[in-house]
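J.: Let me begin by handing over the structure; questions about it come next.
The values are calculated or read from the model by the stated rules, or taken from the named source; none is laboratory data. Treat the numbers as computed from the prediction; the structure is a model and nothing was measured. Every residue, glycine among them, receives a Cβ derived from its backbone with ideal geometry; neighbour counts consider all protein chains shown. Please note that ligands, DNA and RNA were not included when accessible areas were found on the heavy atoms of the full protein model with its side chains. Shrake-Rupley method; radii C 1.70, N 1.55, O 1.52, S 1.80 Å.
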Amino acid sequence: MHYDLCVIGGGIVGLATARALLAEWPGAKLIVLEKEDELGRHQTGRNSGVIHSGIYYTPGSLKARLCRAGMQRTKEYCRARGIAFEERGKLIVATSELEVERLRALEQRAGIHGIPVEALTGPQIGQMEPAITGLSALHVPASAIVSYREILLAFAADVRAGGGEIAMGATPRGISERAACVEVDLGDRSFTSSALVACAGLQSDRVARMAGLEVDFAIVPFRGEYYRLPAHRQGLVNAMIYPVPDPDLPFLGIHLTPMIDGGISLGPNAVLGLAREGYGKGSISLRDLVDEARFGGFWRLIGKNMKSGLDEMGNSVFASRYLAACRKYCPQLQLSDLTPMPAGIRAQAVRKDGTMVQDFLMLETARMLHVCNAPSPAATSSLPIGDYIAERLLSRLRD
């Protein structure tokens, strides 16, 4: 069996890429390989559901450019496909003088990106969101909420409508690049493809290594734990409420997020995971632990982030500590308000020197492109990411 195009990974980036490839190459014989028996089992189906504006990201970075375009295109796609989303806006709230300084820097960055924001004083915060307190805040009105699982299923329908095949329960056992094609072994069958894209998320380093690429990083999983507020707290906030992020850390902090189903989530934290796909608390994978222990960058990462790592572990073990982080900006919350929700796991690429890869990371060969790091805001940016990947891959084939 021969295909023109093969995409590994049926998450939102993989399916956005598949639909972009079919748009650029109508009639191409394309297959998407998804190892699970249903779509949205991992990062796409386990996130905050936020359409990000791109305010946080380094000017000139790929994710800053793609997020800005992705916000607009995601909303346009939802309108066209009848997928519900709500422009609730976001409040980034400073609760200390240090955070006030960092907030000013964010306001300047918003200006560079061309993102409309409004600076609020403490009293103005209370007028907009009576349950929230702070010294100052930035209001980002364009931020929105959506169900990315619904978008994912719509992407899947687009791929099938374009003639693409989505193979469920299909796990590559071997990938070999030849001069004229890429051979893919699925164990029970094999096929060739003229070109291949891998969007393997939590397994991206392993898939790249399987394909013969030199990999100088490893995926380190970070578990994000969420709580859901009870029904009587449903109207507690209207906008998304975020703390001011620490610029030395890659995560945005615990935030309050109204969800498209009417509830409100609280989270996530960022705890070092003991299993790449272990979502239950206390989940452990011996293979994943061994791989982490063998990777020098893992130990350097731990050494560089010991204090913040211990803080996150404490927040995970003790709900009262988790709550304290939220009460800085929402003092009304009580321990009884916290009902655990399903956790998510972020696939974080880490270099050998222990630094986290902050931008999108892609490795390319003559006939393959591997998306090795797709951090937040990958879901928001999925449509322009798909176009970007399709253009890069197809330009190589045309050459």
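J.: Applying the selection to the range 353-372, what residues are crowded, with 23+ Cβ neighbours inside 10 Å and modelled with pLDDT under 95?
T.: None; the set is empty.
J.: Still on this structure, I have one more. Just checking: which of the strands (runs of 3 or more DSSP E) contained wholly in the range 47-142 hold 2 or more residues that are charged (D, E, K, R), touching a strand residue (DSSP E or B) at 6+ places or on another chain (Cβ under 7 Å) and surrounded by 15 or more Cβ atoms within 10 Å (Cβ to Cβ)?
T.: Qualifying strands (runs of 3 or more DSSP E): none found.
J.: Identify all residues within the range 304-331 that are loosely packed, with under 14 Cβ neighbours inside 10 Å and in contact (Cβ under 8 Å) with a residue 24 or more places away in the chain; write none if there are none.
T.: P331
J.: I've got another one for you. Pick out the one residue from P342, P377, P384 that is under 25 Å from I12 (Cβ atoms) and modelled with pLDDT of 95 or more.
T.: P384
J.: Hey, could you check the range 143-157 for residues that are part of a helix (DSSP H, G or I) and surrounded by 19 or more Cβ atoms within 10 Å (Cβ to Cβ) and say which is nearest to the chain's Cα centre (by Cα)?
T.: Per the stated criteria, the residue is Y148.
J.: Another one. Return the pair list, or none, for Cβ contacts closer than 8 Å from residues in the range 110-137 that are under 19 Å from L333 (Cα atoms) and touching a residue at least 40 places away in the same chain (Cβ under 8 Å) to residues that are among the polar types (S, T, N, Q) and part of a loop (DSSP other than H, G, I, E, B), at least 6 apart or on different chains.
T.: Listed pairs, sorted by first residue: E129/N238; A131/Q332; T133/T95; G134/T95; L135/T95; L135/S96.
J.: How many residues are modelled with pLDDT of 95 or more and in a loop (DSSP other than H, G, I, E, B) when one looks only at the range 248-262?
T.: Here the count works out to 2.
J.: Looking only at the range 11-32, filter to residues that are crowded, with 22+ Cβ neighbours inside 10 Å and of a type in the set (G, A, S); which one of those is farthest from V207 (Cα to Cα)?
T.: Among residues in the range 11-32 that are crowded, with 22+ Cβ neighbours inside 10 Å and of a type in the set (G, A, S), the one farthest from V207 (Cα to Cα) is A20.
J.: Sticking with this structure for a sec: Which residue, of G262, G267, G296, is over 19 Å from the mean Cα position of the chain (by Cα) and either surrounded by 19 or more Cβ atoms within 10 Å (Cβ to Cβ) or closer than 28 Å to P172 by Cα (or both)?
T.: G296
J.: If V350 passes every condition in (1) in a strand (DSSP E or B); (2) open to solvent by 20 Å² or more (accessible area, probe 1.4 Å) but one, which one does it miss?
T.: (2)
J.: Assess whether D4 counts as being open to solvent by 20 Å² or more (accessible area, probe 1.4 Å), of a type in the set (D, E) and assigned to a loop (DSSP other than H, G, I, E, B).
T.: Here the answer is no, as D4 does not meet what is asked.
J.: Where in the range 164-247 are there strands (runs of 3 or more DSSP E), lying wholly inside it, with at least 3 residues that are open to solvent by 10 Å² or more (accessible area, probe 1.4 Å) and within 22 Å of R276 (Cβ to Cβ)?
T.: 217-224
Yes/no per residue for (1) more than 14 Å from T380 (Cα to Cα); (2) at pLDDT below 95; (3) in contact with a helix residue (DSSP H, G or I) (Cβ under 6 Å, 6 or more places away or on another chain):
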{"position": "V13", "(1), (2), (3)": "no, no, yes"}
{"position": "L21", "(1), (2), (3)": "yes, no, yes"}
{"position": "I31", "(1), (2), (3)": "yes, no, no"}
{"position": "Y77", "(1), (2), (3)": "no, no, no"}
{"position": "E87", "(1), (2), (3)": "no, no, no"}
